[in-house]
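What follows is one structure encoded as C-alpha cells, with my remarks underneath.
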Amino acid sequence: MKYIKKIPYSLKWDWRWLTQSNVPFIERVAFVFRKYKALIARLQHIKYLGTDIVYDNVNTPMTLESYPFEINILHREINLNRACVVLDIGANIGHFSITLGTLFPRCKLVAFEANPEIFHYLSQNTASLPNVRILNTAIGPHGKLPFYYLTGRSASGSFLRENIGVGTHDNNVRTLEVD
C-alpha cells in the first residue's frame, strides 16, 4: 500500500524527466522502463546516464529523475558549460555528482561523504567519471560528532537524529562517530 501512494510522485518525475532537453530522448525513454523494472523487481542497480549505479535504497530509481531538472536550474544561474569546480557535500551514493559530471564534463567535482557504508557505493558509482574526486570525510567543525543513519536507506543520514526519518525506531538507527 505504501508504494501505491508514491505513484503520483513517480509519474510527476517521469514527465519532468521525459521533457528534459539535455538528456538524449532514447536515454530518457529507456530509463523510465529500467526504473519501473528496478522498482518492481526490487533491484539494487540501474543504468543511469551511461553509468551503472549500485544502491541500497529501493527508492533510488525514482529519485534519479529529479537531478537533471535540479541541475538545469543551477545551470540557469551559473554557466556550467564553462570550466568550474563544484563541491558535493553529503554526496551520498553520488546522484548529484554523476548527473552533473555526465551532463557537464568540463566541471570538476569534489564529492564528500562521511558514512563509510555509503562511501563504498559512491566509490563504485563514480569510478568511471574522471572529473569526480571523492573523499570519505565530513565537512564541519573540528572534533567528532555522532552521525545517524538507517542501513539500507542511504539517503537517511544526518548529524541530526530527527532528520533521518519520521517513524523510525531507535533500534533501526545506526550511529557512528565522524571526524
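On a straight-distance basis, which lysines could pair with LYS108 in a cross-link, Cα separation under 24 angstrom, same-chain partners fewer than 8 positions away excluded?
Here the lysines satisfying the reach criterion relative to LYS108 are LYS47.
Hey, can you find the accessible area per residue of the chain for me, probe 1.4 Å, expressed in square angstrom?
It amounts to 57 Å² per residue over the chain.
What whole-number distance in Å separates the alpha-carbon centres of the range 15-53 and the range 58-106?
15
According to a simple spin-label model (label point 7 Å from Cα along Cα-to-Cβ), what is the distance in nm between VAL58 and CYS84?
About 3.6 nm separates the two model spin labels.
Given axes a ≥ b ≥ c from the Cα gyration tensor, I'd like to know whether the range 43-179 is rounded (a/c under 1.5), prolate (a/b larger than b/c) or oblate.
Note, shape of the range 43-179 comes out prolate.
DSSP beta bridges in the chain, what fraction antiparallel, as a percent rounded to 5?
The antiparallel proportion sits near 55 percent.
Counting alpha carbon pairs within less than 8 Å and at least 6 residues apart, what relative contact order, in whole percent, applies to the chain?
The normalised contact order for the chain reaches 16 percent.
If R0 is 22 Å, what FRET efficiency do you get for PHE25 and SER66 from their C-beta distance, rounded to 0.05?
0.75
At a 1.4 Å probe radius, carbon and sulfur cover how many percent of the accessible area of the range 45-179?
Looking at the range 45-179 in its full context, I get 54 percent from C and S.
May I ask which residue of LEU103, THR60, ASN81 lies farthest towards the positive end of the charge dipole of the range 48-179, with charges of +1 (Lys, Arg) and -1 (Asp, Glu) on Cβ and the Cα centre as origin?
Sorting the options by dipole projection puts first ASN81.
To make sure I understand the rule: partners must be lysines, Cα under 19 Å from the Cα of LYS6, and not fewer than 8 residues away in the same chain. Which ones qualify?
LYS35, LYS37
At LEU145 and ILE4, where each label point lies 7 Å from the Cα along Cα→Cβ, what is the point-to-point distance in nanometres?
Those two pseudo-labels are separated by 4.1 nm.
For the range 23-117, state which trypsin sites (Lys or Arg not before Pro) are in a DSSP loop and have at most 11 other beta carbons lying within 10 Å of their beta carbon.
Loop-located and lightly packed - ARG42, ARG82, ARG106.
The values are calculated or read from the model by the stated rules, or taken from the named source; none is laboratory data. Since the structure is predicted, the reported quantities are computational estimates derived from the model, not experimental observations. All Cβ positions, glycine included, derive from the backbone under ideal geometry; neighbour counts span all protein chains shown. Accessible surface is based on the protein model in full, side chains and every heavy atom, while ligands, DNA and RNA are left aside. Shrake-Rupley method; radii C 1.70, N 1.55, O 1.52, S 1.80 Å.
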